[in-house]
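One structure is given here, and the rest of the page talks about it.
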Amino acid sequence: MAGSYDGLRRVLALERDKKFGDGAVVGGLDEYLLRFTSEAKIDTSHPISRILQQLPPGGYRALHPIQRQRVVDELLRSADEGAQREAAKGTPVRPPLPPPVPGPVARKPTARPKAAVKPEARPGPDLTLDSPVSVLAKRPDVTRLHKKGLETVRDLLYHFPNRYHDYSEVRPIASLAFGEEQTVIAEVWSAKAVMIGRKRRGAEAIVGDDSGTIRILWFGQPWVARQLKTGKKVALSGKIGSFKGRMQMENPEIESLDDEAIFTRRFVPVYRSTEGLYMKTLRDLVRLAVDSCAADVPETLPDDVRERNGLMDVGQAFRQIHAPESLEEADAARHRFAFEELLWIEIGVVRRRREWQIAGGAPVLSLEAAALNAFIDSLPFALTKAQRRAIGDVLADTSDAIPMTRLLEGDVGSGKTVVAAAALLAAVAAGKQGAIMAPTEILAEQHMRTFISILDPDRAAPEADGPWFRESGDGFLVLRPPYLERPLRVALLTGSLKASDKAAVQEAIARGEVDIAVGTHALLQESVEFADLGLAVIDEQHRFGVEQRAALREKGGSPHVLVMTATPIPRTLALTVYGDLDITVLNEMPPGRPPVKTYFVPPRRREEATRFLQKKVEEGRQAYVICPLVEESEAIEAKAAVQEYERLSRDEFPELRLGLLHGRMSGGEKDATMRAFRDHDLDVLVSTSVVEVGVDVPNSTVILIEGADRFGLSQLHQFRGRVRRSEEQAYCFLLSDTQSEEAMERLQIMETTDSGFDLAEHDLRLRGPGEYFGKRQSGMPDLRVARLTDVELIEEARREATRILDEDPELEDTSHAALRENVSRLWDRLTSDVS
């Protein structure tokens with residue numbers, strides 16, 4: 001009870017200091033006194049109860065300040081008497097806590113905190129960088145550390161803080177400012193789990209210091225209330241908001257004042273932790289690792305590299321990133337580790353490129369100017385400047401014995417296939433074979449139709465399905481470009497061909513009777529042999545790695561490789577993830593194609609969007625409806641797509657012909673659906689994200705994207721590109737009920753930005769490289785510190801990597817031993833090369 005009286009005395013003393021303005025506690029003194037009498041189990045005969053019974057119906061709040069003063073004085077006398085009675089019974093009275101120390105927290109409070117329980121550690125001669133964390137941590141914590149990927153002392157050293165609490169900036173509650181991230185040290189007056197709004201659970205606490213009190217809220221975290229015992233002193237760091245004109249702190253981080261680090265260091269590191277692993281425990285473990293082993297980490301950056309770039313040595317960097325003397329020192333340490341990480345990536349990337357090029361032996365593929373000009377003149381459309389530049393880049397590469405490794409990137413509809421056709425013509429003119437591989441059968445078939453239209457304009461491709469792609473049992477189609485001295489033999493090889501037809505095509509390719517093989521990536525299979533492969537074009541394959549290149553070598557020595565993608569690559573990724581490829585950008589669209597008009601559609605305007613779609617279909621156009629992304633699994637996403645398809649067919653578009661496309665369908669089912677849509681047997685195609693890379697349907701002019709906030713900008717742009725296939729005005733509707741500021745920012749960017757390259761830069765900035773490529777994308781370097789948005793630092797690292805490899809290609813010098821080990825460790829971790 002004495003503790004309860006002590007809290008009451010503090011509140012009343014604060015109310016007196018605040019001139020009886022009813023501002024000592026959040027909610028007012030009436031609410032506090034009601035809670036106090038209930039928790040202290042005070043009956044109606046108690047002096048305090050009698051005082052409260054004499055208050056008017058409006059309670060303390062209804063009184064004049066002079067009247068409030070009399071009530072406070074009476075309550076204080078009663079509280080003092082109650083505390084003395086409890087003390088006489090043998091219950092110690094808790095002394096008041098000292099006032100907060102202004103300025104930097106440099107000493108412990110009067111009430112000495114409990115001694116920190118150190119982790120079970122055996123630091124000494126046997127502790128090494130490769131020692132398991134079990135030599136430092138207790139068994140339950142070892143399991144939690146493993147969940148974070150922290151298995152050795154080395155892992156602890158490289159588990160860097162994501163930010164720091166600056167305890168020199170602790171403020172009294174009365175001095176807090178709205179809208180800022182701030183830190184207070186205060187006593188918990190009450191804490192409980194609450195409902196916030198109608199459905200959301202959370203925790204609420206009232207904390208106070210000698211200057212005032214403040215309400216604290218944790219949304220969606222009701223368990224926090226169990227951590228906050230009444231009377232406990234804590235440090236809280238978070239943003240100050242307001243509710244009904246009163247300040248409150250929302251979702252702050254909690255630090256126990258039992259953590260000695262808060263009193264001995266100005267800047268306290270905050271690490272990404274895991275459930276059940278306390279921040280204090282993680283800090284202690286990392287500190288032990290730094291004290292015991294930071295000096296043992298080999299320096300990977302040679303002295304001259306550090307001097308040129310003004311970088312800390314590794315030991316100093318570990319100390320300053322985990323226990324910084326200032327935020328400037330912490331930033332300098334982080335800069336050093338980011339540079340080091342990027343250097344390891346760039347050394348690997350530059351070496352990959354050199355290994356591919358040093359191999360040499362690529363055939364020289366050149367196309368005479370007269371033949372090239374005749375090809376361009378024969379096209380049924382004018383080339384853009386970007387297409388002409390791209391053809392020049394590619395033909396310059398293929399005319400050299402060093403194998404080409406070029407990435408051709410451009411928006412959907414920018415004309416990449418024409419560039420590929422010019423390169424394939426150069427291969428045929430040089431007496432070599434060419435191959436173009438697409439991710440799906442229907443795209444391979446589309447390439448075949450395109451080649452017919454641009455290589456033999458007088459010959460129209462049949463519209464019917466079936467074996468239209470060959471003229472006889474020889475397995476190929478003969479085209480007659482007027483600018484080549486002989487006919488051109490083109491074959492289509494896909495998995496759905498009958499076994500006899502597939503065998504005929506494979507045999508024709510192996511005999512050298514096929515000049516250009518068009519197909520899926522199955523062309524890389526062992527059963528497909530080329531007589532003399534000179535060029536391979538890979539369409540819509542973001543990552544064409546070491547294994548695929550090795551497979552190409554087996555089929556044709558060292559063929560030239562052209563990789564095409566409609567996903568724009570930000571400059572920073574061009575220097576790292578795609579760093580061993582030369583890049584050509586098609587940054588122009590063919591004339592006459594207007595930009596897609598894009599609109600964000602909130603729920604209240606959804607009906608307008610669906611009416612517009614129906615109107616366009618009635619005018620003879622076609623449309624897409626993209627189902628929301630379901631990240632849990634492809635099966636759940638497919639089920640959701642089926643349900644949406646059934647709902648749209650029944651409720652919104654009962655008179656239209658709808659088709660369905662999702663990832664659980666077989667390749668044959670997908671191709672059949674896309675053919676039906678292409679041939680206008682369907683009005684609306686309902687699809688999951690599998691339609692992101694799809695067949696050309698120039699008649700489709702509307703795309704409606706459900707749950708648009710769940711997709712990244714680059715993916716939304718790919719969807720939008722599905723309807724920019726003709727001179728007709730196209731429309732994209734982004735349907736979303738999101739309230740997230742970040743999601744709204746993405747959708748607003750989509751509304752106002754037409755350039756895929758600008759969107760890619762925004763996407764990388766907003767979501768990071770992991771989300772940019774998608775969670776299933778393998779081979780992404782797992783960066784601890786470096787950011788793939790820092791162009792300047794990436795370019796510095798690339799220059800140093802080139803300089804180092806020029807002097808020591810195999811990193812054999814003793815000064816490069818640690819660098820060699822870390823580069824190998826990083827690249828062994830990747831499942832394929834970063835290209």
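Looking only at segment 413-423, decide whether some residue is over 25 Å from residue 443 (Cβ atoms) and touching a residue at least 12 places away in the same chain (Cβ under 8 Å). Don't jump to the end; show me each part of the working.
Filtering segment 413-423 down to residues over 25 Å from residue 443 (Cβ atoms) leaves none.
Among the residues of segment 413-423, not one is over 25 Å from residue 443 (Cβ atoms) and touching a residue at least 12 places away in the same chain (Cβ under 8 Å), which makes the answer no.
Take residue 76 and tell me if it is open to solvent by less than 30 Å² (accessible area, probe 1.4 Å) and either of a type in the set (D, E, K, R) or farther than 26 Å from residue 244 by Cβ (or both). Step through it out loud before you land on a result.
Working: open to solvent by less than 30 Å² (accessible area, probe 1.4 Å): yes; either of a type in the set (D, E, K, R) or farther than 26 Å from residue 244 by Cβ (or both): yes.
In short, yes.
For segment 768-776, the count of residues that are surrounded by 13 or more Cβ atoms within 10 Å (Cβ to Cβ), charged (D, E, K, R) and at pLDDT below 65 is at least one.
Would you confirm whether or not segment 71-79 contains a residue that is touching a Pro at 6+ places or on another chain (Cβ under 6 Å) and without any contact (Cβ under 8 Å) to a residue 40 or more places away in the chain? Yes: segment 71-79 contains one or more residues that are touching a Pro at 6+ places or on another chain (Cβ under 6 Å) and without any contact (Cβ under 8 Å) to a residue 40 or more places away in the chain.
Confirm whether residue 25 is open to solvent by less than 30 Å² (accessible area, probe 1.4 Å) and touching a strand residue (DSSP E or B) at 6+ places or on another chain (Cβ under 6 Å). In short, yes.
Of the residues in segment 52-75, at least one is more than 19 Å from residue 14 (Cβ to Cβ), modelled with pLDDT of 80 or more and not in a loop (DSSP other than H, G, I, E, B).
Remark: pairs (first residue in segment 615-627, among the small types (Gly, Ala, Ser); second residue surrounded by fewer than 24 Cβ atoms within 10 Å (Cβ to Cβ) and assigned to a loop (DSSP other than H, G, I, E, B); Cβ separation under 9 Å; 6+ apart in sequence or on different chains) = 620/680; 620/699; 623/656; 623/683. Consider segment 717-733 and keep the residues that are touching a Gly at 6+ places or on another chain (Cβ under 7 Å) and outside any helix (DSSP H, G or I). The one that is least open to solvent (accessible area, probe 1.4 Å) is 722. Checking each residue in segment 584-641 for being polar (S, T, N, Q) and more than 28 Å from residue 738 (Cα to Cα) picks out 584, 587. Screening segment 209-262 for strands (runs of 3 or more DSSP E) wholly inside it with 2 or more residues that are among the charged types (D, E, K, R) and farther than 28 Å from residue 20 by Cα returns the ranges 246-256.
Would you be able to say whether some residue in segment 399-408 is touching a strand residue (DSSP E or B) at 6+ places or on another chain (Cβ under 8 Å), under 28 Å from residue 724 (Cα atoms), open to solvent by less than 10 Å² (accessible area, probe 1.4 Å) and charged (D, E, K, R)? No.
Determine whether residue 553 is assigned to a loop (DSSP other than H, G, I, E, B) and either of a type in the set (D, E, K, R) or modelled with pLDDT of 75 or more (or both). Taking the combined requirement at face value, the residue does not satisfy it. Here residue 373 meets the list (1) open to solvent by less than 30 Å² (accessible area, probe 1.4 Å); (2) in a helix (DSSP H, G or I) almost entirely, failing just condition (1).
Note on segment 787-835: residues that are modelled with pLDDT of 80 or more, assigned to a loop (DSSP other than H, G, I, E, B) and open to solvent by less than 40 Å² (accessible area, probe 1.4 Å) amount to 2.
Within segment 13-37, count every residue that is among the aromatic types (Phe, Trp, Tyr) and either in a loop (DSSP other than H, G, I, E, B) or farther than 14 Å from residue 189 by Cα (or both). Before the answer, list the steps.
First, the residues of segment 13-37 that are among the aromatic types (Phe, Trp, Tyr): 20, 32, 36.
So of that shortlist, the ones also either in a loop (DSSP other than H, G, I, E, B) or farther than 14 Å from residue 189 by Cα (or both) come out as 20.
Within segment 13-37, residues that are among the aromatic types (Phe, Trp, Tyr) and either in a loop (DSSP other than H, G, I, E, B) or farther than 14 Å from residue 189 by Cα (or both) number 1.
Each residue in segment 398-430 was checked for being acidic (Asp, Glu) and at pLDDT below 90, and 2 of them qualify. If you check residue 281 against the conditions, is it under 30 Å from the mean Cα position of the chain (by Cα), among the polar types (S, T, N, Q) and part of a helix (DSSP H, G or I)? Yes, satisfied. Selection of segment 630-653 for residues being modelled with pLDDT of 90 or more and touching a helix residue (DSSP H, G or I) at 6+ places or on another chain (Cβ under 9 Å) yields 648, 652, 653.
Kindly provide the set of residues from segment 171-189 that are open to solvent by less than 30 Å² (accessible area, probe 1.4 Å), touching a residue at least 60 places away in the same chain (Cβ under 8 Å) and in contact with a Phe, Trp or Tyr (Cβ under 9 Å, 6 or more places away or on another chain), ordered by number. Within segment 171-189, 185 is the sole residue that qualifies. Looking across 317, 295, one residue alone is buried (at least 19 other Cβ atoms within 10 Å of the Cβ) and of a type outside the set (Asp, Glu). It is 317. If you go through segment 347-365 and keep only what is at pLDDT 90 or above and open to solvent by less than 70 Å² (accessible area, probe 1.4 Å), you end up with 347, 363, 365. A Cβ distance below 6 Å, combined with a sequence gap of six or more or placement on separate chains, defines the contacts here; from segment 320-345, residues that are open to solvent by 30 Å² or more (accessible area, probe 1.4 Å) and modelled with pLDDT under 95 reach no residue that is hydroxyl-bearing (Ser, Thr, Tyr) and not in a helix (DSSP H, G or I). Within segment 592-614, the set of residues being free of Cβ contacts under 8 Å to residues at least 60 places away in the same chain and either aliphatic (A, V, I, L, M) or open to solvent by less than 90 Å² (accessible area, probe 1.4 Å) (or both) comprises 608, 614.
How about segment 304-314: which of its residues are without any contact (Cβ under 8 Å) to a residue 40 or more places away in the chain and either part of a helix (DSSP H, G or I) or open to solvent by less than 50 Å² (accessible area, probe 1.4 Å) (or both)?
Going residue by residue through segment 304-314, those that are without any contact (Cβ under 8 Å) to a residue 40 or more places away in the chain are 304, 306-307, 310-314.
Result: 304, 306, 307, 311, 312, 314.
In segment 490-519, of all residues being over 24 Å from residue 361 (Cβ atoms) and surrounded by 23 or more Cβ atoms within 10 Å (Cβ to Cβ), the one that is modelled with the lowest pLDDT corresponds to 494.
Listed here are the residues, each with its yes/no results for (1) under 21 Å from residue 594 (Cβ atoms); (2) of a type in the set (Gly, Ala, Ser); (3) in contact with a Leu (Cβ under 7 Å, 6 or more places away or on another chain); (4) surrounded by 20 or more Cβ atoms within 10 Å (Cβ to Cβ).
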position: 664; (1), (2), (3), (4): no, no, no, no
position: 685; (1), (2), (3), (4): no, no, yes, yes
position: 705; (1), (2), (3), (4): yes, no, yes, yes
position: 735; (1), (2), (3), (4): no, no, yes, yes
position: 743; (1), (2), (3), (4): no, yes, no, no
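The residues of segment 1-22 that are at positive phi, open to solvent by less than 60 Å² (accessible area, probe 1.4 Å) and either more than 49 Å from the chain's Cα centre (by Cα) or not charged (D, E, K, R) (or both) amount to a single one, 20.
Out of the residues in segment 723-745 that are among the hydroxyl-bearing types (Ser, Thr, Tyr) and without any contact (Cβ under 8 Å) to a residue 60 or more places away in the chain, state the one that is nearest to residue 763 (Cα to Cα). Let's see the steps before the verdict.
Initial filter on segment 723-745 (among the hydroxyl-bearing types (Ser, Thr, Tyr)): 726, 731, 736, 738, 740.
Subset that is without any contact (Cβ under 8 Å) to a residue 60 or more places away in the chain: 738, 740.
Values: 738: 18, 740: 16 Å.
Among those that are among the hydroxyl-bearing types (Ser, Thr, Tyr) and without any contact (Cβ under 8 Å) to a residue 60 or more places away in the chain, it is 740.
The values are calculated or read from the model by the stated rules, or taken from the named source; none is laboratory data. Predicted model, so just to flag it, every value in this text is computed and none were measured. Positions of Cβ are generated from backbone atoms using ideal geometry, with glycine treated the same way; all protein chains shown enter the neighbour counts. Protein only, heavy atoms only, side chains kept; ligands, DNA and RNA dropped before computing areas. Shrake-Rupley method; radii C 1.70, N 1.55, O 1.52, S 1.80 Å.
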